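Following: one structure in C-alpha cells, then a few remarks.
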Amino acid sequence: MTSALSGRVVLVTGGGRGIGRGHCLALAAHGAAVVVNDPGVGRDGSAGDAGPAADVVAEIEAAGGKALAHTGSVSSWDDVGDMVRTAVDEFGTLTGVVNNAGILRDSMVATATEADWDAVIAVHLKGTFAVTRHACEYWRAQYKAGNRIDARIVNTVSGAGLWGNVGQSAYGAAKAAIANLTVVTAMEGQRYGVVANAISPLAMSRMTEEVFGGRAADPALDPARSSEVVAWLQSAESAWLTGQILRIDGHKLSRIEGYTEAPGRYAASDGSSLTFSEVGQAVSWLYATSPRGLAGPLPAS
C-alpha cells in the first residue's frame, strides 16, 4: 500500500463489482479510507443483497486498509444523505466521491417504456446529482466554517453519452447529462475547493458484456484499467484539473473535448434574419453538402 491518498476518505457508488470494485481496491491501496456503496442489485436494477459491498470491504481490510459498506440506493435522496453522514461519522471527514453506480435497460426509442426510462435516469443521472449535491452541501458548510477544503468528484460517462448508441436512449441521455453536470459542478465548486472531473472507461463489466461478448479475456478491457486514473483524480496532484473528461481505452489515456462551435459562420449580408430559402443555403454551406450547388463564398458576418 502507498500513502498517496493518506487522510483521504472516498465514497464510491456501485463499488461492489466490476469497475467500481477496481476503484475501491485502488483507492484503498493508495491509502484512502473507502465507503463502498452497493445495494447488490442486478444489471437491470432488480433485487439486491449486501454481499458485493461487504466482500470488497473484506478484501480491503485483509490488505490492511480501511473501508465500510453501505447498501443504500443512489436513487434515494435519503439513502445518499446517509452515505455522506456515515462516511463523516466513521472516518471524521469526506474528501471525495466517485459516482460509478449504474444499471441498464436498453430498448429502442419506439419501444421504450416509461418505467425503464425512469429507472435508468434515476440511478445514473439523479444518483450522480444526489451524491454530488449531498457531498457539496457538506463541503460548502465546512468551508463556511473556516475549514480548508480540497475535495474531489469523479463522475462516470460513456461513449454512448458522448457519441450515442442505438438502443441506449435513456443510458446515453443520462451519461450526456452527467458530462454537463460535471462542468457545472466544476464551475460552482471551485470557489470553495471542490474539483470535479469525469472518466469514460472502455471496459468489460456487467454493463458491457453484451457489447464485447467474446472479448471477456482481453486484458485491455480489464475493469480495473481506469482505477489508477480515478486514484490520481482523488489525489492532491489533480487540484489543477477540473471540468474535464478523460477517456481510458486499455493502456491509452485521452482527453475528451466538449461541444465546440465549428469554424465558419453564414450570415445574411444586410444584417437581417435569414429567410427560409437562405436557411437551406446556409445549412448546406455549413455542412458542405449543397445538393444544388448553392454553397459559395462565406458571406460577411
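Among the residues of region 228-243, count how many are within 19 Å of ILE178 (Cβ to Cβ) and part of a helix (DSSP H, G or I). Please lay out each step first, then the result.
Residues of region 228-243 that are within 19 Å of ILE178 (Cβ to Cβ), as a first pass: 229-230, 233-234, 238, 241-243.
Narrowing further to those that are part of a helix (DSSP H, G or I): 229-230, 233, 238.
Looking only at that region, the number is 4.
Quickly run through region 244-268 and pick out the residues that are in a loop (DSSP other than H, G, I, E, B) and either in contact with a helix residue (DSSP H, G or I) (Cβ under 8 Å, 6 or more places away or on another chain) or surrounded by 10 or more Cβ atoms within 10 Å (Cβ to Cβ) (or both).
As a first pass, look at region 244-268 and keep what is in a loop (DSSP other than H, G, I, E, B): 244, 250-251, 257-268.
Within region 244-268, GLN244, GLY250, HIS251, GLY258, ALA262, GLY264, ARG265, TYR266, ALA267, ALA268 qualify.
Can you pull out the strands (runs of 3 or more DSSP E) entirely within region 1-89 that have at least 1 residues that are under 18 Å from PRO223 (Cβ atoms) and not charged (D, E, K, R)?
Working: elements: 9-13, 33-37, 67-70.
Result: 9-13, 33-37.
Have a look at HIS134, HIS124 and point out the one that is at pLDDT 95 or above and more than 24 Å from ARG191 (Cα to Cα).
On the way: HIS134 fails: more than 24 Å from ARG191 (Cα to Cα).
Among HIS134, HIS124, only HIS124 is at pLDDT 95 or above and more than 24 Å from ARG191 (Cα to Cα).
Okay, residues lined up against (1) open to solvent by 10 Å² or more (accessible area, probe 1.4 Å); (2) at pLDDT 95 or above:
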residue: SER6; (1), (2): yes, yes
residue: ALA32; (1), (2): no, yes
residue: VAL41; (1), (2): yes, no
residue: SER46; (1), (2): yes, no
(message) Can you list residue pairs whose Cβ atoms sit under 7 Å apart, with the first residue in region 262-278 being closer than 19 Å to ALA288 by Cα and the second being aromatic (Phe, Trp, Tyr) and open to solvent by less than 100 Å² (accessible area, probe 1.4 Å)? Count only pairs 6 or more apart in sequence or on different chains.
(response) TYR266/TRP285
(message) For region 8-18: of the residues being modelled with pLDDT of 95 or more and in contact with a helix residue (DSSP H, G or I) (Cβ under 7 Å, 6 or more places away or on another chain), which is surrounded by the fewest Cβ atoms within 10 Å (Cβ to Cβ)?
(response) VAL9
(message) Which of the numbered conditions does ARG21 fail, given that it passes all the others? Conditions: (1) open to solvent by 40 Å² or more (accessible area, probe 1.4 Å); (2) over 16 Å from VAL131 (Cβ atoms); (3) modelled with pLDDT of 95 or more; (4) more than 18 Å from the chain's Cα centre (by Cα).
(response) (4)
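The values are calculated or read from the model by the stated rules, or taken from the named source; none is laboratory data. On a predicted model such as this, the values are computed, not experimentally measured, just so you know. When we count neighbours, we look across all protein chains shown, and the Cβ atoms used for this are built from the backbone with ideal geometry, even at glycine. Areas reflect the complete protein model, heavy atoms only, side chains present, ligands, DNA and RNA absent. Shrake-Rupley method; radii C 1.70, N 1.55, O 1.52, S 1.80 Å.
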